[in-house]
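Here is the structure we will look at, set down as structure tokens.
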Amino acid sequence: PMDSPRQSKKVHPNREPKRTHNQPGIAPQKDAYARLLSQHSSSKFSLYLEQYAKDMSFQRDGPGPSTLFKAHSDKLNIPQRKRDQVPNDFSDSSDFSPSSMKLIGEDSSLSLYMEKLNTRGAQQDCERKQGVSDKQRRGQRRDTATSHDGDIESGEELSSLKPNNPKKHQKPQKKSKDSKEADSFVGRPQSPKNASESGQEQEKTTKSKKKNLPKHPEDENSANSPADRNKNKGGRGSKKHVFECYMTLEEVSHGLKRGELIQGQLRINPKKYHEAFIPSPDDTRDIFLDGIVARNRALNGDVVVVQILPRDQWKTARTHRPDVIVEDQCSDQDELVRRVQNTTLTETGTITIFPSSFVCQVVYIVEKKHSRAVTGFLKFLPDKPFAMFSPVDHRVPRINVLLADCPEDFTTRPGDYTNTLFICRITNWAADSNFAEGQLHKTLGQAGEIEPETEGILIEYDVDFSEFSDEVLDCLPKNLPWTIPPEEMSKRRDLRKECIFTIDPATARDLDDALSCKLLPDGNFELGVHIADVSFFVGEDNALDAVASQRATSVYMVQKVIPMLPRLLCEELCSLNPLTDRLTFSVIWKITPEGKILSEWFGRTVIRSCVKLSYDHAQSMIEAPEKMFSAEELPPVDPEHPIDEIHQAVLNLHSIAKNLRAQRFSGGALRLDQLKLSFTLDRDTMMPQGCYIYQYRDSNKLVEEFMLLANIATAHHIYGKFPELALLRCHPPPKTKMVDELQELCDQLGINIDLSSAGALHKSLNTTLGDDEYTTARKEVLTHMCSRPMQMALYFCSGVRKDKQLFKHYALNVPLYTHFTSPIRRYADIIVHRLLGLSTQEVQKQASHCNDKKTVSKRVQELSSELFFGVFVKDCGPLDSEAMVMGVLDQSFDVLVLRYGVQKRIYCKSILGLDSFHHRKVGKKSELTLVWTAEELEKPPIEQVISIFTLVEVQLKADGAPMKYSAVLKRPEENE
């Protein structure tokens, strides 16, 4: 079996001298002893520590709590066998963590510290058995929704709701699942003066306060240069390093090959910015990065290499209860018993927890996927040559900006810029500084206004919204109006006389798919999916192709679209506009009324759409099968095709789609529907006038079903022809540990749900959750809970993966899937259209880029919706609504606001009228009891129990900060 990457004894001796004085993060300290240690890194003091260790006759192994002591560990040269025999006689080695001694309490002393330091390592055997594969799979857990063509798409994680992490990495007083009952928090709300404090600060617990973390992550930008590594050698008077210097590329390569290091994509919790994760190589668990220093200047989304810390530096939990619970992560019962025996409780009630997540630190940044551009505000600092830039996104550090780079009158009139939104780019981040350095990129305008905020979102997420260059536009046809060349017509199947039409949102202008359905004499149907042939206009390796491949996707915001291609292509030459000849790529089936495919044809075609239907038009036709629609009720229709012919084709498509859909779900497919907020905008100002939950109806399902059918058929077609070159799309199964925890929680809640497969989950979700007006709301909450373990769907090149099991699409439950149906807005579809001539490496490189851009596009779309809703609440609020609890933490809870479909967190400490609150956890089930102050002296206080599915009344109110709004919990009625 492969050794686990604990590798204290495999540290390169050549690297150690360089890293000896690089304590992995000495943050600002208030503890006198920690300051003493940080000041004494001289050789004399080091020798004293070494001699002290020898005098104490303590044996130890592995990289110690500080690289200061790491070199001396090697000098002691204690055999591994003897080191492993040292008993574990302390319980919370993280109290003596390397990360700037951040948890050392007031009782610390040199003797106690050295004793703790030298007695660690009893769990080496267990860790060695665990073993970590060196397979470098990079995955992200995301909340999921299902797209127009039925695929799983990813949005930004609601990381505070991670079911696999909250009890271990968010709340220091949690207990494991073996605990029968754990009363973990009792608190009182803050005074009204403090009630406005941000939720992020309110949620911090005693443990995080002891870490002496800055209130903002004052860290992040990488400096991979060897020069940066050597800066840390300084002797007396040299500046102390906050961050560990990066390993060299050679060291990283060797470490990855040996399994000592792990590569993955960094996820930083947006609500608790000191918590970050990367997936383990086998994707069964998360690897935890505890604190800002451990991230070592990496930003959210970066691909990093991490080194697993010694087990004694893993996450710990604090408790005031005398019982000791160790999480059962062992299949071997004897091993578990041994762990319990080796776990000791201190007088302060601190226990060692063997977590499900490893703990590690970043030693190298492979790829800076974060744009290093952020929106935020400037703060004037008297007597400083720079200003402080404070990003809106707390996962990004504060940035020092030279005053010369600020507006001219900033130093004399800083108050004028209090509410001005800027874009700042990080330019450097030294290892000896808590703060990054940066330059102002642009002044956006007033915070809270839609256009400046929108521009900030686009720049921050590196979305190219610039005008297309003349070089790009020169690639487009010059002679307008454009007509299909005769020589091209001769190469294609002519379908212009067929009844073919589009069904899209009413506001859509980039129409890339059309449908046809013709009844055959034998009672079967000729059914066609016709997709715009964008590859005809986007030639390979020209300027247009380069910009399209770089943008990779169109980005849809509430008020506008950032197109992947110039509008002449998106809205004219490629768009399947009605009554116009257009080039297409078609899939045509002969299919039975029950949905059985009898034959299939792929090829290039020419079509002429007879009408542009909206989803509303198609829905009206489905709901009124006998009605004779008049010309006034529909958009312009080609006179060659009577309205009744089009109506009948829609009805036939609907009937076949229902059969196909029933077959899909009976065959084990899954669909996770989540609420989507839509807006009505003022035509002139584009400001939100109203909002509503988007209705997913039969007309949407009709189109989705045939897009899925075409994508699945295309996947099989291209994989059969190009088994080494096919661009496919897989959806990995959910993470096992998260599924197991969700199953346990549902069992304790009395919810009968089967998570064993995609099909079983779909059937469970569609089983009635009660029979009242809140049945749908409970299903929404449960759907959200089930979406958390889901992973992103990913593009990949078939030649890169040798195991066909890895090709599968979990949600659709099909062996092969791809994207073929939206080439106007997705570059992946263009590759599928013109697969010939591309190498495996090129396809895989573009697949990875498409994955990144698809994730960004989804997040920008969500942020745009949040922006507009924030403005709507400010202009039209306060807004009252019922809400259903969807997650409970120890000092807060999350609700789904039923009227608007938004999710908000409510912090107990900020609830006015609350006397106290009490948290308890039984197994996985978390519960808060809110005690409301009596309104009349003679009446007793009102108790309100908060658990998953609890119904509450909330009011959405605008905050003082631009665009921000809070959900205020209303006082329950006396009789509730």
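Listing for the model above:
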item	result
All positions within region 724-735 that are in a loop (DSSP other than H, G, I, E, B) and at pLDDT 90 or above	726, 732, 733, 734
Residue in region 322-337 that is modelled with pLDDT of 70 or more, over 21 Å from residue 429 (Cβ atoms), touching an Asp or Glu at 6+ places or on another chain (Cβ under 8 Å) and not in a loop (DSSP other than H, G, I, E, B) present	no
Unmet criterion (only one of (1) closer than 26 Å to residue 535 by Cα; (2) buried (at least 17 other Cβ atoms within 10 Å of the Cβ); (3) in contact with a His (Cβ under 8 Å, 6 or more places away or on another chain)) for residue 582	(3)
Selection from region 442-451 of residues that are farther than 15 Å from residue 558 by Cα and crowded, with 16+ Cβ neighbours inside 10 Å	442, 444, 445, 447, 448
Residue 405 being assigned by the TED database to the domain that holds residue 384, under 20 Å from residue 372 (Cβ atoms) and over 28 Å from the mean Cα position of the chain (by Cα)	yes
Subset of region 381-407 (residues that are within 24 Å of residue 295 (Cβ to Cβ) and not aliphatic (A, V, I, L, M))	386, 389, 390, 391, 393, 394, 395, 397, 398, 400
Count of residues meeting criterion [surrounded by 17 or more Cβ atoms within 10 Å (Cβ to Cβ) and either in contact with a helix residue (DSSP H, G or I) (Cβ under 7 Å, 6 or more places away or on another chain) or small (Gly, Ala, Ser) (or both)] in region 707-722	6
Residue check for residue 856: over 30 Å from residue 934 (Cβ atoms) and touching a Leu at 6+ places or on another chain (Cβ under 9 Å)	no
Condition met for residue 541 (more than 30 Å from residue 599 (Cβ to Cβ), among the acidic types (Asp, Glu), surrounded by fewer than 17 Cβ atoms within 10 Å (Cβ to Cβ) and without any contact (Cβ under 8 Å) to a residue 60 or more places away in the chain)	yes
Strands (runs of 3 or more DSSP E) lying entirely in region 905-952 (those with 2 or more residues that are out of contact with any Leu (no Cβ under 9 Å at 6 or more places or on another chain))	914-922, 925-932
Lone qualifier among 487, 498 - being out of contact with any strand residue (DSSP E or B) (no Cβ under 7 Å at 6 or more places or on another chain) and over 30 Å from residue 391 (Cβ atoms)	487
Any pair with Cβ under 8 angstrom, 6 or more apart, that starts in region 625-653 at a residue that is within 18 Å of residue 502 (Cβ to Cβ) and ends at one that is surrounded by fewer than 16 Cβ atoms within 10 Å (Cβ to Cβ) and among the hydroxyl-bearing types (Ser, Thr, Tyr)	643/630
Qualifying position, being buried (at least 22 other Cβ atoms within 10 Å of the Cβ), more than 25 Å from residue 375 (Cβ to Cβ) and modelled with pLDDT under 90, among 939, 921	921
Matching residues, region 614-638, being surrounded by 12 or more Cβ atoms within 10 Å (Cβ to Cβ), closer than 14 Å to residue 578 by Cβ and more than 42 Å from the chain's Cα centre (by Cα)	637, 638
Test: residue in region 947-955 that is outside the structural domain of residue 446 (by the TED database) and closer than 27 Å to residue 447 by Cα	yes
Residue match in region 641-664 (condition: assigned to a loop (DSSP other than H, G, I, E, B), surrounded by fewer than 18 Cβ atoms within 10 Å (Cβ to Cβ) and touching a His at 6+ places or on another chain (Cβ under 9 Å))	no
Members of region 764-780 found to be out of contact with any Gly (no Cβ under 9 Å at 6 or more places or on another chain), touching a residue at least 12 places away in the same chain (Cβ under 8 Å) and in a helix (DSSP H, G or I), listed by number	764, 765, 777, 779
Qualifying positions in region 268-300 - in a strand (DSSP E or B), in contact with a Pro (Cβ under 9 Å, 6 or more places away or on another chain) and either buried (at least 24 other Cβ atoms within 10 Å of the Cβ) or aromatic (Phe, Trp, Tyr) (or both)	268, 286, 288
Subset of region 458-507 (residues that are surrounded by fewer than 18 Cβ atoms within 10 Å (Cβ to Cβ), β-branched (Val, Ile, Thr) and in contact (Cβ under 8 Å) with a residue 24 or more places away in the chain)	483, 484
Residues satisfying the stated conditions in region 508-537, i.e. in a loop (DSSP other than H, G, I, E, B) and aromatic (Phe, Trp, Tyr)	537
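Residues are listed down the side, and each one gets a yes or a no for (1) modelled with pLDDT under 90; (2) crowded, with 19+ Cβ neighbours inside 10 Å; (3) not assigned by the TED database to the domain that holds residue 559:
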position	(1), (2), (3)
383	yes, no, yes
395	no, yes, yes
398	no, yes, yes
409	no, no, yes
430	no, no, yes
453	no, yes, yes
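The values are calculated or read from the model by the stated rules, or taken from the named source; none is laboratory data. Not measured: the values here are computed from a predicted model. Cβ atoms come from the backbone with ideal geometry, glycine included; neighbour counts cover every protein chain shown.
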